[in-house]
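*Asks:* Have a look at this one before I ask anything.
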């Protein structure tokens, strides 16, 4: 048998192994060929390139090619471009691409794919334009898939529309996978109507197109529509489609729909797929079903980083700080080597949980673990540490983290500004804002305005001017913060003007305006705004109801105030708060409408509040109501046996009723 025949036989072995996805076997066989003293040919390198999956393997194969003297032809060039692209070496792929003569559509697609799959999205678009300028090669469906995917990742709508127009001209708008990639591109660019148009006009959408459209709804804040679309699927869903639907259910916190989806998954035997299992876990975690989430986690056959991080986040979201920390430690004991990204995610979840619970002890343990992992100043761990210490009223520790952080981002600056404001030091918050070394975003400006409002500092006009200059005044959170600032500084005329000029008003906007009128003593304005809010279909908040009840009290509008109080439970489904009950006690007391039955009805539901009964007792003194005073004093002393004030006020009532 000649050497040439031997090489042909070895080539067949290498190709068979590569075709069966035995990459290591294919590359090992290539090495054995060399050890036999045989000289590889072009076909050898084409077949072996399919087995080189890592940068060292790809470099080794290319070195062997150059040393053997095998020249690049079109087939080998295309194979090597694919090899370097698949081993995350886009630059090497481009070197081979440039060295390949007489490039065909396969060459261009291989290079476009190498760029796109390795995150070189700008280069993908530039190469596509270069390809179009040659006018020698016509783009096909794979060409458009790569360039549209890059446009999607860059959220570059302009280039995406140009590529779309070229796909239409080529008659490939609805080809697989072009249609799905078009839907994805418009979705990532927040053009949901355009994405839906492509989907609805597509003559035969495959499972990928359905899945991408479901994801488009979910990613653009319309998870219920995503769920509805999943249940209308006309093709059998695969694991990815099920995982996407479960993600939509999690976003909507729609556990009922999620259970239906999960039942289908179990029926089809797809529950063992890791991505699907993780999506089920995430659903139950986000729906605060922590017991069931833990049971699902316990039954999982295989757990990866995603599984563990999802469980850590689920415990944190449910307020189970101890469970979150236990899960984090168990992950390490299990030998799961989390990536930096997953570690950051875990620390952020645990620290957020500690912040919400004001659990300083567990927060310090998590902080120590972050220091040990070398992630104390990682984004967003540093910001979450600042927030945790701030919520636990440890401002010095928060400031220490901030000052030691080598490169604080806008989030860290914003959280530190908020920490000062939330801990009663708004002037320092304002001063820190004016020292910010990174460009503030809308949240940063809104936080600074909140600090100005707390300090009643109208000199913050410079903050507002900067907001207008940057074109951020249309952001709802920023506009609401401006409104709150002027409202709290009693600038009611300017507050009303700002409110009238707002393009969009949400619940916060209306509630802020109601409170602003009430704070300024504008009874008519506060009540008008409250009624207008209801006519707009906006539900009032607890704070705005306190403002309105306070307005009724100061205006002596007893009947209207009582009706408003009754509507808290009947119309809005809320349990009246102590502040709201206190307003009604004040209303009845101020107005001289001292009706014992009304007061008992208002205060009795809050039997745990001695302060409310003290308010009733004080009003009894004003109206010399001995009978109700006895009742109120008994309630106060039952809840607060050591209350001297109850005895003193009751004595005063008796003295007024029986003057000497």
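*Asks:* Show me the helices (runs of 4 or more DSSP H) found entirely inside segment 144-220 where at least 3 residues are at pLDDT 95 or above and over 23 Å from residue 124 (Cβ atoms). Write out each step before concluding.
*Replies:* Numbers: elements: 157-169, 178-188, 192-201, 207-219.
Filter on segment 144-220 gives 192-201, 207-219.
*Asks:* Picking from 545, 527, which residue would you name as being more than 17 Å from residue 464 (Cβ to Cβ), touching a residue at least 24 places away in the same chain (Cβ under 8 Å) and crowded, with 23+ Cβ neighbours inside 10 Å? Quick ask: steps written out before the conclusion?
*Replies:* Values: 527 fails: crowded, with 23+ Cβ neighbours inside 10 Å.
Selected residue: 545, the only one of 545, 527 that is more than 17 Å from residue 464 (Cβ to Cβ), touching a residue at least 24 places away in the same chain (Cβ under 8 Å) and crowded, with 23+ Cβ neighbours inside 10 Å.
*Asks:* Please verify whether segment 369-380 includes one or more residues that are over 19 Å from the mean Cα position of the chain (by Cα), crowded, with 22+ Cβ neighbours inside 10 Å and over 19 Å from residue 414 (Cα atoms). Give the derivation first.
*Replies:* First, pick out the residues of segment 369-380 that are over 19 Å from the mean Cα position of the chain (by Cα): 369-377.
From what is left, the residues that are crowded, with 22+ Cβ neighbours inside 10 Å are 370.
Keeping just the survivors that are over 19 Å from residue 414 (Cα atoms) gives 370.
Yes.
*Asks:* Are any residues in segment 261-277 surrounded by fewer than 21 Cβ atoms within 10 Å (Cβ to Cβ) and assigned to a helix (DSSP H, G or I), and if so, which ones? Reasoning before the result, please.
*Replies:* Our first condition is that a residue be surrounded by fewer than 21 Cβ atoms within 10 Å (Cβ to Cβ); within segment 261-277, this holds for 263-264, 266-275.
Result: 263, 264, 266, 267, 268, 274, 275.
Residue-wise test of (1) buried (at least 24 other Cβ atoms within 10 Å of the Cβ); (2) in contact with a helix residue (DSSP H, G or I) (Cβ under 6 Å, 6 or more places away or on another chain).
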site	(1), (2)
445	yes, yes
448	yes, yes
461	no, no
475	no, yes
523	no, yes
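*Asks:* Additional query: If we only count helices (runs of 4 or more DSSP H) wholly inside segment 32-122, which ones have 3 or more residues that are free of Cβ contacts under 8 Å to residues at least 60 places away in the same chain and within 39 Å of the chain's Cα centre (by Cα)?
*Replies:* Numbers: elements: 42-48, 55-68, 74-86, 90-99, 105-117.
So the answer is 55-68, 74-86, 90-99, 105-117.
*Asks:* Just to be sure before I move on: is residue 297 under 17 Å from residue 262 (Cα atoms) and either modelled with pLDDT of 90 or more or part of a helix (DSSP H, G or I) (or both) in the structure I sent? It would help to see each step written out before you state the result.
*Replies:* On the way: under 17 Å from residue 262 (Cα atoms): yes; either modelled with pLDDT of 90 or more or part of a helix (DSSP H, G or I) (or both): yes.
Here the answer is yes, as residue 297 does meet what is asked.
*Asks:* Looking at (1) assigned to a helix (DSSP H, G or I); (2) touching a helix residue (DSSP H, G or I) at 6+ places or on another chain (Cβ under 6 Å); (3) closer than 30 Å to residue 204 by Cβ, can you tell me which one residue 307 breaks?
*Replies:* Failing condition for residue 307: (3).
Conditions (1) over 20 Å from residue 478 (Cβ atoms); (2) without any contact (Cβ under 8 Å) to a residue 40 or more places away in the chain; (3) surrounded by fewer than 16 Cβ atoms within 10 Å (Cβ to Cβ), marked per residue:
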residue	(1), (2), (3)
512	no, yes, no
518	yes, yes, no
553	yes, yes, no
562	yes, yes, no
570	yes, yes, yes
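*Asks:* Here is a list: 553, 509. Which entry is part of a helix (DSSP H, G or I) and either more than 21 Å from residue 586 (Cβ to Cβ) or in contact with a strand residue (DSSP E or B) (Cβ under 8 Å, 6 or more places away or on another chain) (or both)? Lay out the reasoning, then the answer.
*Replies:* Working: 553 fails: either more than 21 Å from residue 586 (Cβ to Cβ) or in contact with a strand residue (DSSP E or B) (Cβ under 8 Å, 6 or more places away or on another chain) (or both).
When all the criteria are applied, what remains is 509.
*Asks:* Another question about this same structure. Just need a number here: residues in segment 372-389 that are closer than 23 Å to residue 314 by Cα and assigned to a helix (DSSP H, G or I).
*Replies:* The first filter runs over segment 372-389 and keeps only residues closer than 23 Å to residue 314 by Cα, leaving 373, 375-376, 378-389.
Now restrict to residues that are assigned to a helix (DSSP H, G or I): 381-389.
Residues flagged as closer than 23 Å to residue 314 by Cα and assigned to a helix (DSSP H, G or I) within segment 372-389 amount to 9.
Conditions tested, residue by residue: (1) assigned to a helix (DSSP H, G or I); (2) under 15 Å from residue 414 (Cβ atoms); (3) in contact (Cβ under 8 Å) with a residue 60 or more places away in the chain.
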{"position": "435", "(1), (2), (3)": "no, yes, no"}
{"position": "446", "(1), (2), (3)": "yes, yes, no"}
{"position": "449", "(1), (2), (3)": "yes, yes, no"}
{"position": "453", "(1), (2), (3)": "yes, no, no"}
{"position": "461", "(1), (2), (3)": "yes, no, no"}
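*Asks:* Report, ordered by the first and then the second residue, all pairs with beta carbons closer than 8 Å, sequence separation of six or more or different chains, a first member in segment 325-352 that is assigned to a loop (DSSP other than H, G, I, E, B), and a second member that is surrounded by fewer than 18 Cβ atoms within 10 Å (Cβ to Cβ) and at pLDDT 85 or above.
*Replies:* Once the first residue is assigned to a loop (DSSP other than H, G, I, E, B) and sits in segment 325-352, its partners that are surrounded by fewer than 18 Cβ atoms within 10 Å (Cβ to Cβ) and at pLDDT 85 or above give 336/304.
*Asks:* I need the full set of residues from segment 471-504 which are in contact (Cβ under 8 Å) with a residue 12 or more places away in the chain, within 30 Å of the chain's Cα centre (by Cα) and more than 22 Å from residue 424 (Cα to Cα), in order please.
*Replies:* Answer for segment 471-504, where residues must be in contact (Cβ under 8 Å) with a residue 12 or more places away in the chain, within 30 Å of the chain's Cα centre (by Cα) and more than 22 Å from residue 424 (Cα to Cα): 472, 474, 475, 476, 479, 498, 499, 502, 503, 504.
*Asks:* If you scan segment 123-143, which residues turn out to be under 37 Å from the mean Cα position of the chain (by Cα) and outside any helix (DSSP H, G or I)?
*Replies:* Going residue by residue through segment 123-143, those that are under 37 Å from the mean Cα position of the chain (by Cα) are 123-129, 140-143.
Residue satisfying the conditions is 140 alone.
*Asks:* Of all the residues that make up segment 326-351, how many are touching a helix residue (DSSP H, G or I) at 6+ places or on another chain (Cβ under 6 Å), within 30 Å of residue 422 (Cβ to Cβ) and crowded, with 22+ Cβ neighbours inside 10 Å?
*Replies:* Selection size over segment 326-351: 8.
*Asks:* Which condition number in (1) in a helix (DSSP H, G or I); (2) modelled with pLDDT under 85; (3) surrounded by fewer than 24 Cβ atoms within 10 Å (Cβ to Cβ) is the one that residue 319 fails?
*Replies:* (1)
The values are calculated or read from the model by the stated rules, or taken from the named source; none is laboratory data. What you see is a predicted model; the values in this text were computed from it and never measured. Ideal geometry is used to build each Cβ from the backbone, glycine not excepted, and the neighbour counts take in all protein chains shown.
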